[in-house]
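The values are calculated or read from the model by the stated rules, or taken from the named source; none is laboratory data. A quick note: this is a predicted structure, and the numbers were derived from the prediction, not measured. A quick note on method: Cβ atoms are made from the backbone with ideal geometry, for glycine too, and the neighbour counts reach across all protein chains shown. Calculation scope for accessible area: heavy atoms of the full protein, side chains included, ligands and nucleic acids excluded. Shrake-Rupley method; radii C 1.70, N 1.55, O 1.52, S 1.80 Å.
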Amino acid sequence: MKEEALLSNRLPPEVIAWLQRWFNLHVVIWLLSLACFFVAWNRGLALLYGLSSLCLSLLLISHLMPRLQMRGVKVERSLVGDLTAGSEGELVYLISSKSRRYHLQLTDQLPFTEGQQKLFISQCDKTLRERATVYCDRRGRFLIDQLTLSSSYPFGVVRHSRQLTTDTLEVLVLPRVCNLTRIPLPVIADANSDGDLHIPQQGGQDEFAAVREYTQGDSLRHIHWRASARQQQLVVKEYERSDRPVLLVTLDSRPAFNQGEGSRSTFEYAITIAASMIHFASREGMQSILVVENGDWHDYVIPAYTSDLYDLYAFLATLESNGSQSCSELIEQAVIRFPQANLITGFRLQDDPLLPTLPPYLTHVDMEMDAESFLFPLRNKPSNDYHREGNRLIYPVNALSPLQELFQ
């Protein structure tokens with residue numbers, strides 16, 4: 001290790017790359033066989049002829065055997081469960097061959113992960129099923145139909161590779177969702193409250209919303225006996241109170257708003273924050289509305305206590321930054337279209353003008369994205385503190401912001 005470090009310090013990278021390409025075990029064996037042959041031819045030493053023949057046989061076997069090992073090998077992929085950005089998932093590889101195979105390596109260039117997924121198979125008896133854990137970096141919908149099969153059996157001197165075309169696998173990576181413990185709630189513009197209000201307790205008697213599984217501490221008066229009999233377990237009634245907030249989230253999908261690269265961009269962070277806020281609101285019995293424009297106007301109304309948000313996540317997974325309307329324009333239209341909403345969330349870049357001023361009875365959650373921190377992530381720039389201006393709650397967000405603790 002010390003010699004390699006000294007060598008890398010003394011030689012330029014181009015020379016090191018050239019040496020690594022042309023001076024390897026394969027080239028050394030070729031040179032050794034030629035040297036033995038010429039010495040034996042000059043001196044007439046039969047032992048060196050034998051050594052030269054042995055080296056040539058080693059090279060011949062090293063070239064032929066890997067090709068034979070890969071012959072007739074087929075690979076199929078399948079997905080285990082759902083994949084979510086920022087977490088791990090599982091892929092299953094089914095390897096099949098006509099006879100036993102040794103020392104195969106699969107290299108899968110998955111578009112939603114950084115780097116390559118490599119799977120080494122020491123032995124395959126006609127059929128082998130292998131699971132591989134993958135870390136998902138990017139949300140989106142991906143079609144995968146290629147991978148690389150390679151082998152260096154039996155001596156590891158020569159490695160041969162070939163591209164395999166597999167059945168097309170469609171992979172949907174859902175956006176990252178943080179498990180928030182609170183979100184901002186409506187405030188009065190001239191009050192002293194800072195927005196840290198508690199959601200009213202579940203179980204009010206205003207309007208029936210849904211049923212859920214019984215948990216210890218629930219009142220027996222709220223048990224839904226007919227539903228409990230059908231489901232063979234206790235379930236209780238949920239009621240939606242008239243004083244619960246209605247959350248409206250608008251997403252800016254313009255290319256100008258998307259600052260940064262890959263999963264660390266203002267657009268990706270905005271999607272994560274939006275999905276996390278809706279997840280929290282739905283869990284706590286609040287109605288949620290998502291509004292976004294990417295060529296067409298989209299609005300999703302999520303009723304209170306909705307536990308299955310897969311359709312919303314699937315839409316956000318494929319959302320691209322190709323819109324033309326800013327959050328200001330979306331908010332102005334959305335508050336007219338959804339007058340029941342009283343908690344309005346919008347996103348803007350730090351240098352952009354403030355979002356439109358809303359009436360005092362509406363609370364405006366202004367997510368202020370620091371574009372510079374996403375463009376230059378190595379600059380360790382601390383985030384500013386949350387502050388309030390009337391009915392506007394401003395939350396600065398940069399590339400280092402812990403999103404799970406954003407509203408704490």
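A compact table of results
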{"item": "Estimated distance in nm for a label pair at GLN233 and ASN179, the labels positioned 7 Å out from Cα along Cα-to-Cβ", "result": "1.9"}
{"item": "Helix-derived mean residue ellipticity, 222 nm - over the chain, DSSP H n ≥ 4, -39500 (n - 2.57), to 500", "result": "-8500 deg cm²/dmol"}
{"item": "Overall form of the stretch 218-356 per C-alpha gyration tensor (a/c, 1.5; a/b vs b/c)", "result": "prolate"}
{"item": "Among beta bridges that DSSP assigns inside the chain, antiparallel share in %, nearest 5", "result": "70"}
{"item": "Global size of the stretch 302-399 as Cα Rg and Dmax, reported in angstrom", "result": "15.6, 43"}
{"item": "Distance in nm between pseudo-label sites at LEU220 and SER78 (7 Å out along the Cβ direction from Cα)", "result": "4.8"}
{"item": "Solvent exposure, largest accessible area first (probe 1.4 Å, DNA, RNA and ligands not counted), of LYS74, LYS126, LYS98", "result": "LYS98, LYS74, LYS126"}
{"item": "Tilt relative to the chain, helix 46-70 - C-alpha long axis, 0 to 90 degrees, to 10", "result": "30"}
{"item": "Using alpha-carbon coordinates, inclination of helix 13-22 to the longest axis of the chain, degrees", "result": "50"}
{"item": "In degrees, nearest ten, helix 327-337 long axis to first principal axis of the chain (Cα)", "result": "50"}
{"item": "Reference-scaled alpha-carbon Rg (2.2 N^0.38 Å with N residues) for the chain", "result": "1.42"}
{"item": "Estimated inter-spin distance, TYR49 and TYR310, nm [label 7 Å along Cα→Cβ]", "result": "7.3"}
{"item": "Burial order of peptide ranges 260-268, 77-85 (average beta-carbon count within 10 Å, highest first)", "result": "260-268, 77-85"}
{"item": "DSSP bridge pairs, the stretch 249-408: antiparallel proportion in percent, nearest 5", "result": "40"}
{"item": "VAL211 accessible area, 1.4 Å probe, all protein chains in place, Å² to nearest 10", "result": "60"}
{"item": "C-alpha center-to-center spacing [the stretch 292-371, the stretch 89-150] in angstrom", "result": "39"}
